[in-house]
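See below for the structure under consideration.
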Amino acid sequence: MQVFKSLRKLLNRHFKNMKWQAVLALLLLYGLSSWLLLEWAGESNLTGSDYIYWLIVTASTVGYGDLSPETATGKALVAFYIIPFGLGLFALVVGKFAAFSAFQWRKGVMGLKELNLSNHIVVVGWNEVRTLPLLKLLQTEAKNNLNREICLCVADEMENPMPGHIEFVRTVSLNDDEGLNRADIEEASTIIIDCAQDDQTLSAALNIYNRNPEAHIITYFRDESLSNLLKQHCPTIECTPSVSTEMLVKSAMDPGSSILHHELLNTTTGMTQFSVVVPEGLPEMSVRDLYVPLKENYGATLIAVDLDNDGKPEVNPSLDKRVRSGCTIYYIAQSRLKALDWAAITQLS
């Protein structure tokens, strides 16, 4: 009994470590040897064009019975060679495939999987307080805006916080080229950098800007001086400062301000702030020409325009301000306006 136990352990360990190339070679050897033995036994009804079909249903013990051996030798071969060895190989292939699938899923959860993303949103860094709510809000917005994919890239010892909803990359550091490559950082259209420490955010932003200066990069700093320093070297990066102090002051002077700002930033309920780029080919128009049609036809309120697309919108512009193709306008509405009839707007103007 001890010999059989040792032999079974040896075979289990051998099959567990077997490569897919060896499994394929074993399957080919099994299929060829079975065909030769059946041909030798005179089972010509099994070795014809239906041989592969018959071998699979027999080796997997499905056994439809539409084809079966007719000679005594053929029956013995099927009973003592084709079914036992086939069943073992079938279990081996199914087991290895299940283990491979589980391993690939586990790699994704652990952030070790190679991704293939483009025009996606990358969130770099992990902050215990903000990152998870940020990802959930981004997911809601991304579904309503071209269905863009989201990837979280971290250097922390953690697993994917939203498996099945976002992609996940874990790297040794936020400046590690191999990890950033797996996050397809150079193919991303939007990159949000929010690390636990401002110095980590600054370092990651400088590196990522050097790799993908065309992306819309957003950073969050507690120390505004670091925002100014980063803008000197990376002028197109959008630095988002902490506004908690300002919000407290506004709420003290103008009660309800915090609720108002929450409504404007909420992506699920109430009126929310959005933006849209004026398409090419339209004639120049005034803010007045845009303001009235947006309000009357779409229930939207124009609040700002970015005439130079430099990330510095002018809030509450004058009605005579001229707007041209390529400018970005910001508005408040119940939902994002996906099908603006610009031709009708220009005609009304």
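One table, with the values for the structure above:
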read-out	value
Residue pairs meeting the criteria (Cβ under 9 Å; at least 6 apart or on separate chains; first within 16 Å of A215 (Cα to Cα) and hydrophobic (A, V, I, L, M, F, W, C), in the range 193-204; second open to solvent by 50 Å² or more (accessible area, probe 1.4 Å) and in a helix (DSSP H, G or I))	I193/Q200
Test set (1) closer than 21 Å to R222 by Cα; (2) part of a helix (DSSP H, G or I); (3) of a type outside the set (F, W, Y) - E141 fails condition number	(1)
Test: residue in the range 218-236 that is touching a residue at least 12 places away in the same chain (Cβ under 8 Å), open to solvent by 70 Å² or more (accessible area, probe 1.4 Å) and of a type in the set (S, T, N, Q)	yes
Scan of the range 224-249 for residues that are among the small types (G, A, S) and at pLDDT 80 or above, ordered by number	S225, S227
From D341, D320, residue being more than 24 Å from L134 (Cβ to Cβ) and modelled with pLDDT under 85	D341
Subset of the range 306-325 that is open to solvent by 20 Å² or more (accessible area, probe 1.4 Å) and either hydrophobic (A, V, I, L, M, F, W, C) or within 29 Å of the chain's Cα centre (by Cα) (or both) - its residue that is nearest to Q273 (Cα to Cα)	V315
Check on T71, exposed (fewer than 14 other Cβ atoms within 10 Å of the Cβ), more than 30 Å from K113 (Cα to Cα) and touching an Asp or Glu at 6+ places or on another chain (Cβ under 8 Å)	yes
Flag for A155 being small (G, A, S), open to solvent by less than 60 Å² (accessible area, probe 1.4 Å) and free of Cβ contacts under 8 Å to residues at least 60 places away in the same chain	yes
Matching residues in the range 47-68 - criterion: being of a type in the set (S, T, Y) and open to solvent by 50 Å² or more (accessible area, probe 1.4 Å)	S49, Y53, T61, Y64, S68
Only listed residue being in contact (Cβ under 8 Å) with a residue 24 or more places away in the chain and open to solvent by 30 Å² or more (accessible area, probe 1.4 Å), chosen from I345, I303, I329	I303
Within the range 143-180, tally of residues that are out of contact with any strand residue (DSSP E or B) (no Cβ under 6 Å at 6 or more places or on another chain) and closer than 26 Å to K338 by Cα	7
Odd one out for E128, checked against (1) open to solvent by 50 Å² or more (accessible area, probe 1.4 Å); (2) in contact with an Asp or Glu (Cβ under 9 Å, 6 or more places away or on another chain); (3) at pLDDT below 85	(2)
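The values are calculated or read from the model by the stated rules, or taken from the named source; none is laboratory data. Bear in mind the structure is a predicted one, so any value in this text is a computation, not a measurement. Note that each Cβ is placed from the backbone with ideal geometry, even for glycine, and that neighbours are counted across all protein chains shown. These area figures cover heavy atoms from the full protein model, side chains too; ligands, DNA and RNA do not enter into them. Shrake-Rupley method; radii C 1.70, N 1.55, O 1.52, S 1.80 Å.
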